[in-house]
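In what follows, a structure is listed as structure tokens, so that the remarks can point back to it.
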Amino acid sequence: MIYAANFKTNHTRQSTREYLGKLQAKLLLELNPNDKIYIFPPLTALDEYSSSDFTVGVQNAYPVEKGAFTGEVGLEQLAEFNINTILIGHSERRDILGESQEQIAKKFAFFKEQGFKIIYCIGESLEIREQGIESVMEHLISQFDGIDTTYENFMVAYEPIWAIGTGRTASVEEITQTHNELKKVVDRPLLYGGSVKGANIAQISAIENVNGVLVGGASLNPESFLELVLH
Ligand code: PEP
């Protein structure tokens, strides 16, 4: 299983260091060698963390090496911290920060060119979900516009927007059906995201075609994230 923690706009460099220290102490002894852990702290918390038990990536970056892009961070800044893993297409970036599919596809192409590991996020609104699986799939497939789905170093995170941060998880049937359909379209590891927590990880991770989880709220403290990872 793949366990990815998205801190969003939470944690500082100091609290991230403390978090990773706690994680490392426990994972060193108890991590299943088949599991893989990714941590996505905010950009200001990047530092020289090194561990074979987890990989630190970024929640976002600008698709450029360096230059005049006020407020953005490019390859040069990521390289300082040996970052080569990135989340692209998260619904908060699409919906709150206004990233278009075209911009997302450019970002994907750029970081693909650099050989980054990409966790590419897709997901539908509640309105679309209520129209049924055909509408859901039509929408999800449209989020692959401009994306090279043959890139061998990427994974997909299916995150229904209505399940993110709401405490409302998609049902086992909804996840099963959606992941089965997605697998036909893109043969890459599939993560589920949306209110994953200690209480539902066993059920979700047992679903065929769920190869991992992307976790927001329940990843914010090391104890609740470890509860997921070591369930
Ligand atoms: C997310 O935003 O990627 C996410 C899955 O958040 P949460 O776990 O809080 O629903």
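The values are calculated or read from the model by the stated rules, or taken from the named source; none is laboratory data. What you see is a predicted model; the values in this text were computed from it and never measured. Positions of Cβ are backbone-derived with ideal geometry, glycine not excepted, and every protein chain shown enters the neighbour counts. Note: areas computed on protein heavy atoms with side chains; ligands, DNA, RNA excluded. Shrake-Rupley method; radii C 1.70, N 1.55, O 1.52, S 1.80 Å.
Structure notes:
- Structure note, pairs Lys26/Lys184; Lys8/Lys36; Lys26/Lys183; Lys36/Lys183: Cα-Cα distances above 26 angstrom occur for Lys26/Lys184; Lys26/Lys183.
- Per-residue 3J(HN,Hα) values for segment 196-202, derived from phi via the Karplus relation 6.51 cos²θ - 1.76 cosθ + 1.60 with θ = phi - 60°, read 6, 8, x, 6, 10, 5, 4 Hz in sequence order (x marks Gly and Pro).
- Proximity of backbone amide H atoms, modeled 1.01 Å from N, is registered between His90 and Cys121 at under 5 Å, excluding neighbours fewer than 5 places apart on the same chain.
- In Hz, Karplus ³J(HN,Hα) per residue of segment 41-55 (6.51, -1.76, 1.60; θ = phi - 60°; x = Gly, Pro): x, x, 4, 6, 9, 5, 6, 8, 8, 9, 7, 8, 8, 8, 10
- Relative contact order (%) - segment 2-229, alpha-carbon pairs under 8 angstrom, separation at least six: 20
- Radius of gyration and maximum dimension Dmax of segment 162-222, Cα, Å: 11.4, 35
- Under 5 Å from the amide H of Val215 lie the amide H atoms of Ala4, Ala5, Asn6, each residue being 5 or more positions distant or on a separate chain, with H modelled from the backbone and absent for Pro and chain starts.
- Placing a pseudo-label 7 Å from each Cα along the Cα-to-Cβ vector at Glu72 and Thr150 gives an inter-label distance of 2.8 nm.
- Among the GluC sites (Glu not before Pro) in segment 199-231, those located in a DSSP loop and surrounded by at most 13 other Cβ atoms within 10 Å of their own Cβ are Glu208.
- Here the dipole of segment 2-229 is about 440 debye; that uses its Cα centre as origin and unit charges on the Cβ of Lys and Arg (positive) and Asp and Glu (negative).
- Carbon-plus-sulfur accessible fraction, the chain (probe radius 1.4 Å, protein heavy atoms only): 48%.
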